[in-house]
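The values are calculated or read from the model by the stated rules, or taken from the named source; none is laboratory data. This one's a predicted model, so the numbers in the text were calculated from it and none came from an experiment. Quick reminder, even Gly has a Cβ in these numbers, built from the backbone with ideal geometry, and neighbours come from all protein chains shown.
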């Protein structure tokens, strides 16, 4: 018996050769790659069981996917977030970062969302060393965290959670980037701090974004300020006293939504 693949010399079936072939190649691909493809395909197939085709056109407009819009070219399956969570929870223990990377490469919005939610579940279970790997992976792939819901459902549970006990310089590097989603990650990640009654970084970033041109940043910043106010109204009112005249209208409206 011999085993041959294109570009690989014929090898006899000696015990040593057979072991090497079995470990390294199945159909000219590493076994780990085939297993990863199988899991990713299984996740994608299961997501597609929950599609609602009648909602696709609405979502393409809602998430601004038309030519010239901020999510130009994104494709929708129309799978509800609770259903994406259901699939993610089923597979997150088996999924590797390579699997998640494949999901993030997908042209379909919900595949990427599933990958990010899987990452948040893995973050919850990870030890310190593994958390660092997950955060580094997340930062490296921010170009695929490319719509407001993908940011909002992942960043504070990954980057924000990690920065509760680590230096927060990265937030300011992201905030200074000329990249909408990196900037939104910076401000929304502070939600993890707000929930621990730590407001300084939210306030500092809000000041940085007062002159931002995009309404998605006005909304995100106003939202975080509102969350601060829900926990300490005095801090929010202090910010408003100083900066309300400089705040974009949408940012101000979001910030004061819960004030009496």
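Which of the following residues is under 19 Å from residue 180 (Cβ atoms) and over 16 Å from the mean Cα position of the chain (by Cα): 130, 54, 69? Write out each step before concluding.
Working: 130 fails: under 19 Å from residue 180 (Cβ atoms); 54 fails: under 19 Å from residue 180 (Cβ atoms).
None of the other options fit; the residue is 69.
Looking at 129, 160 in this structure, which one is surrounded by 22 or more Cβ atoms within 10 Å (Cβ to Cβ), in a helix (DSSP H, G or I) and without any contact (Cβ under 8 Å) to a residue 40 or more places away in the chain?
160
Residues in segment 219-228: is at least one part of a helix (DSSP H, G or I), more than 19 Å from residue 148 (Cα to Cα), in contact with a helix residue (DSSP H, G or I) (Cβ under 6 Å, 6 or more places away or on another chain) and in contact (Cβ under 8 Å) with a residue 12 or more places away in the chain? Explain how you work it out, then say what you get.
Here is the first cut: in segment 219-228, the residues part of a helix (DSSP H, G or I) are 219-228.
Add one more test, that the residue is more than 19 Å from residue 148 (Cα to Cα), and what stays is 228.
Narrowing further to those that are in contact with a helix residue (DSSP H, G or I) (Cβ under 6 Å, 6 or more places away or on another chain): 228.
Okay, now just the ones that are also in contact (Cβ under 8 Å) with a residue 12 or more places away in the chain, so 228.
Checking segment 219-228: at least one residue is part of a helix (DSSP H, G or I), more than 19 Å from residue 148 (Cα to Cα), in contact with a helix residue (DSSP H, G or I) (Cβ under 6 Å, 6 or more places away or on another chain) and in contact (Cβ under 8 Å) with a residue 12 or more places away in the chain.
Yes/no per residue for (1) closer than 29 Å to residue 135 by Cα; (2) surrounded by 22 or more Cβ atoms within 10 Å (Cβ to Cβ); (3) under 23 Å from the mean Cα position of the chain (by Cα):
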position	(1), (2), (3)
169	yes, no, yes
177	yes, no, yes
189	yes, yes, yes
192	yes, no, yes
218	yes, yes, yes
260	no, no, no
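Since residue 151 meets every condition but one in (1) closer than 23 Å to residue 215 by Cβ; (2) surrounded by 20 or more Cβ atoms within 10 Å (Cβ to Cβ); (3) more than 10 Å from the chain's Cα centre (by Cα), which condition does it not meet?
Exception for residue 151: condition (3).
Restricting attention to segment 177-194, which residues are free of Cβ contacts under 8 Å to residues at least 24 places away in the same chain and either over 17 Å from residue 147 (Cα atoms) or outside any loop (DSSP other than H, G, I, E, B) (or both)?
Keep residues of segment 177-194 that are free of Cβ contacts under 8 Å to residues at least 24 places away in the same chain, which gives 177-178, 186.
Answer for segment 177-194, where residues must be free of Cβ contacts under 8 Å to residues at least 24 places away in the same chain and either over 17 Å from residue 147 (Cα atoms) or outside any loop (DSSP other than H, G, I, E, B) (or both): just 186.
Out of the residues in segment 112-126 meeting the condition of being over 11 Å from the mean Cα position of the chain (by Cα) and in a helix (DSSP H, G or I), tell me which one is surrounded by the most Cβ atoms within 10 Å (Cβ to Cβ). Reasoning before the result, please.
The first filter runs over segment 112-126 and keeps only residues over 11 Å from the mean Cα position of the chain (by Cα), leaving 121-126.
Now drop any that are not in a helix (DSSP H, G or I), which leaves 121-125.
Numbers: 121: 17, 122: 22, 123: 20, 124: 11, 125: 10.
For segment 112-126, the residue satisfying everything is 122.
Based on this model, can you work out whether residue 108 counts as crowded, with 16+ Cβ neighbours inside 10 Å, modelled with pLDDT under 95 and under 24 Å from residue 180 (Cα atoms)?
No, not satisfied.
What number of residues within segment 133-148 satisfy the criterion of being more than 12 Å from the chain's Cα centre (by Cα) and within 16 Å of residue 189 (Cα to Cα)? Spell out how you get there, then give the answer.
First, pick out the residues of segment 133-148 that are more than 12 Å from the chain's Cα centre (by Cα): 133, 136.
Now restrict to residues that are within 16 Å of residue 189 (Cα to Cα): 136.
Residues flagged as more than 12 Å from the chain's Cα centre (by Cα) and within 16 Å of residue 189 (Cα to Cα) within segment 133-148 amount to 1.
Find the residue count for segment 229-248, including only residues that are in a helix (DSSP H, G or I) and over 14 Å from residue 209 (Cβ atoms).
The number of residues fulfilling the criteria is 12.
Scan segment 49-78 for residues that are in contact with a strand residue (DSSP E or B) (Cβ under 9 Å, 6 or more places away or on another chain) and either farther than 19 Å from residue 141 by Cβ or buried (at least 16 other Cβ atoms within 10 Å of the Cβ) (or both) and jot them down.
The answer is 56, 60, 65, 74, 76, 77.
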